Amino acid sequence: MMYIAENEIWKLLETVFDPEIPVLNIVEMGIVREVNLNNNACEIKITPTYSGCPAMNTIENEIIKVLSKAGIKSVKVEKIFTETWTTDWIGQDARNKLRKYGIAPPEGESASDFYDNILTKNITCPYCKSTNTELTSEFGSTSCKSLHFCKDCHQPFEHFKCI
Amino acid sequence: MKLDNNVKNALFEFLLRMGDDRLILGHRLSEWCGHAPVIEEDIALGNIALDLIGQASAFLNFAAGVEGKGRTEDDLAYFRNETEFKNLQLVEQPNVDFAHTIVRQYFFDVYSNLVLTNLTSCPVNELAGMASKSLKESKYHLRHSKQWLLRLGDGTDLSNEKTQNAVNNLWRFTKEIFDIDETEKLLIEKGIVPEMSGFREKWLDSINKTFMEAKLKLPEDNLDFSAGSRNGFHTEHLGHLLAEMQILARSYPGAKW
């Protein structure tokens, strides 16, 4: 019988990307909370980034596909709410990837009042690093992003909301 | 957490209220898709609708589990009739115009922030988790509706008039928001839902402050005639909304796409 270790499962999960933020995988995003391996059965606990995130179903199917392909017979994906997803779980590497991709990474920490005061904050432009920017709208192409405009390089850009 | 039957029933009821408020308001907001005054606002209302429907899905899914009769969140959303819905009458009111939409949203957002903040300390872990997740979203919903209210109220004569008109029309649906009935009393007594007294005062205080800044007047308190939504009494608007929301699921039960 084939044996797969837990760390290999985590590695496999790193090949599943968030369809809305294709530069980040679901482990970097902090979506995967727990991996429970029992013989050849695997239970994955995930938590949604936003309540209405329409990518959750795709992510769930993708997890099942990747793990089944690796030979795991029984894969169960459970959506949990006991931990509340926060952008604080996105590490420095992932933040750099976001910036390179043209999305300003979350600024501030979720526990601080940074995001409560977003209306008066100047998010750093991911293209020219200027802070001479303004908020266009708190709502962007996906739930997790807000719209901003850089007054120096005249480029509209998105910011990964800090929640 | 092991619960007695009567507490379980009360929790089920409470979760329906939380879920239905968000499902119905989310559906109402979705009616704006493609019709909002500017594209940023179209996206904003669509995003808020999505958050609310996502929250509804979590609350209703949990409700179905608590009920333990094998129903799913979809059964609860699509196969209950009007009198089985427990949402506030406020959230089922039609969009009418942008001012009505924003005033309805602002009244709800202030209330929602109070309730969710309170529920984050609930001893039922799943519920506390859902509340703390929803609260993060509810905070920026409130920021959105409040900013609009300030601009509409303290905008032009016409925008002020339309917004004041919306306030006057919707005010009568706000009193029942804070009625605490046997269901909630039991949950509070059992320590499942934290104490909610003083909520109406806190709510009114926030409304008052924003209204002062927005140059809007608080209506006289003599229009409180609507109540009973938590027990299934609704205005005529809910039935029409449900007809549209449920027709597909009822015409083609189990349909997948």
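Helix-only mean residue ellipticity at 222 nm, chain A, DSSP H runs n ≥ 4 weighted -39,500 (n - 2.57), per residue, nearest 500. What is it? -6000 deg cm²/dmol, from helical runs alone.
Work out which GluC sites (Glu not before Pro) in chain B are exposed loop sites (DSSP not H, G, I, E or B, at most 11 other Cβ within 10 Å) and give the longest gap free of them.
In short, B:1-194.
Qualifying chymotrypsin sites (Phe, Trp or Tyr not before Pro) in the stretch A:1-95, where qualification requires a DSSP coil assignment and no more than 16 other C-beta atoms within 10 Å, comprise A:TYR3. If exposed GluC sites (Glu not before Pro) are those in a DSSP loop with at most 16 other Cβ within 10 Å, what is the longest stretch of chain A that has none? Here the longest run is A:15-82.
Against chain B, whose longest principal axis is taken from its Cα atoms, helix B:98-119 shows a tilt of about 40°. Each of A:HIS154, B:HIS144 has its accessible area taken with a 1.4 Å probe; listed largest first, they run A:HIS154, B:HIS144.
Give the calculated FRET efficiency between B:LYS256 and B:ASP221 to the nearest 0.05, with a Förster radius of 60 Å applied to their Cβ-Cβ distance.
After rounding to 0.05, the efficiency reads 0.75.
For helix A:56-69, what angle does its Cα long axis make with the longest principal axis of chain A, in degrees from 0 to 90 and rounded to 10? Roughly 40 degrees, rounded to the nearest 10.
In this structure the stretch A:49-138 gives 52 Å² per residue of accessible area when probed at 1.4 Å with all protein chains present. Projecting the Cα atoms of B:ASN9, B:PRO37, B:VAL103 onto the charge dipole of the stretch B:1-111 (Cβ charges, centred on the Cα centre) puts B:ASN9 farthest toward the positive pole.
Comparing the full protein assembly with the isolated chain (1.4 Å probe, heavy atoms, ligands and nucleic acids excluded), the residues of the stretch A:61-101 losing at least 30 square angstrom of accessible area are A:PHE81, A:THR82, A:THR84.
The candidates A:LYS11, B:LYS256, B:LYS162, arranged from most to least accessible area with a 1.4 Å probe in the full protein assembly, appear as B:LYS256, A:LYS11, B:LYS162. Principal axis extents of the C-alpha atoms in the stretch B:26-136 (largest first, rounded to whole Å): 43, 31, 22. Computed over every Cα-Cα pair of the stretch B:99-229 and binned at 10 Å starting from 0, the pair-distance distribution P(r) comes out as 12, 39, 32, 14, 2, 0 percent. Looking at chain B, the accessible area is 45 square angstrom per residue; that uses a 1.4 Å probe and ignores ligands, DNA and RNA.
In the complete set of protein chains, residue-level accessible area for A:LYS65 is approximately 120 Å², probe 1.4 angstrom. Chains A and B: how much accessible area gets covered up at their contact, both sides added, probe 1.4 Å, in Å² to the nearest hundred? Interface between A and B: roughly 2000 Å². Each semi-axis of the equivalent ellipsoid for the protein assembly as shown is √(5λ) with λ an eigenvalue of the Cα gyration tensor; in descending order they amount to 35, 30, 19 Å. What translational D, rounded to a whole number of µm²/s, comes out for the stretch A:87-160 from Stokes-Einstein when the hydrodynamic radius is the Kirkwood one over Cα pairs, at 25 °C and 0.890 mPa s? Answer from the Stokes-Einstein relation: 199 µm²/s.
Contact residues in the stretch B:99-140 (at least 10 Å² less accessible area with all protein chains than alone, 1.4 Å probe): B:ASN125, B:GLU126, B:GLY129, B:MET130, B:SER132, B:LYS133, B:LYS136, B:GLU137, B:LYS139, B:TYR140.
In chain B, Cα pairs under 8 Å separated by at least six residues give a relative contact order of 25 percent.
Can you give the percent of C-alpha pairs in the stretch B:5-251 whose distance is more than 31 Å? The share of Cα pairs beyond 31 Å in the stretch B:5-251 comes to 19 percent. By the Cβ rule of 4.7 Å, the protein assembly as shown holds the following cysteines without a possible disulfide partner: A:CYS42, A:CYS53, A:CYS144, A:CYS162, B:CYS33, B:CYS122. Among the protein heavy atoms of chain B, carbon and sulfur supply 53% of the accessible surface, probe 1.4 Å, non-protein parts ignored.
Of A:SER110, B:SER251, the residue with the largest accessible area leads and the full order is B:SER251, A:SER110 (1.4 Å probe).
Note on A:115-121: average number of Cβ atoms from other chains within 10 Å of each residue's Cβ is 2.
Taken along its principal axes, the alpha carbon cloud of chain A reaches lengths of 61, 28, 24 Å, longest axis first. Computed over chain B, the per-residue total of -39500 (n - 2.57) for DSSP H runs of n ≥ 4 gives a 222 nm mean residue ellipticity of -22000 deg cm²/dmol, rounded to 500.
I need the per residue convex hull volume for the stretch B:124-184, using only the alpha carbons, in cubic angstrom as a whole number.
Each residue corresponds to 83 Å³ of Cα convex hull volume.
The residues of the stretch A:122-163 occluded by other protein chains by 40 Å² or more of accessible area, set against the chain on its own, are A:GLU138, A:PHE139, A:SER143, A:ILE163; surface from heavy atoms, 1.4 Å probe. Give the angle, between 0 and 90 degrees and rounded to the nearest 10, that separates the Cα long axis of helix A:92-101 from the longest principal axis of the Cα atoms of chain A. For A:92-101 against chain A, the angle is about 60 degrees.
For the listed residue pairs A:LYS121/A:LYS151; A:LYS100/A:LYS161; A:LYS97/A:LYS161; B:LYS136/B:LYS185, the alpha carbons are over 22 angstrom apart in B:LYS136/B:LYS185. The mean sequence distance of close C-alpha pairs (under 8 Å, at least 6 residues apart), as a share of the length of chain A, puts its relative contact order at 18 percent.
Within the accessible area of the stretch A:6-79, the carbon and sulfur atoms contribute 47%, probe 1.4 Å, all protein chains present.
Using only alpha carbon pairs under 8 Å that are at least six residues apart, calculate the relative contact order of the stretch A:1-50 and give it in whole percent. With pairs under 8 Å counted, the relative contact order is 28 percent.
Of the chymotrypsin sites (Phe, Trp or Tyr not before Pro) found in the stretch B:167-234, those that fall in a DSSP loop while having at most 11 other beta-carbon atoms within 10 Å are B:PHE225.
The values are calculated or read from the model by the stated rules, or taken from the named source; none is laboratory data. Source: prediction; values computed, not measured. We place every Cβ from the backbone using ideal geometry, glycine too, and count neighbours over all the protein chains shown. These accessible areas exclude ligands, DNA and RNA; they are computed on the full protein's heavy atoms, side chains included. Shrake-Rupley method; radii C 1.70, N 1.55, O 1.52, S 1.80 Å.
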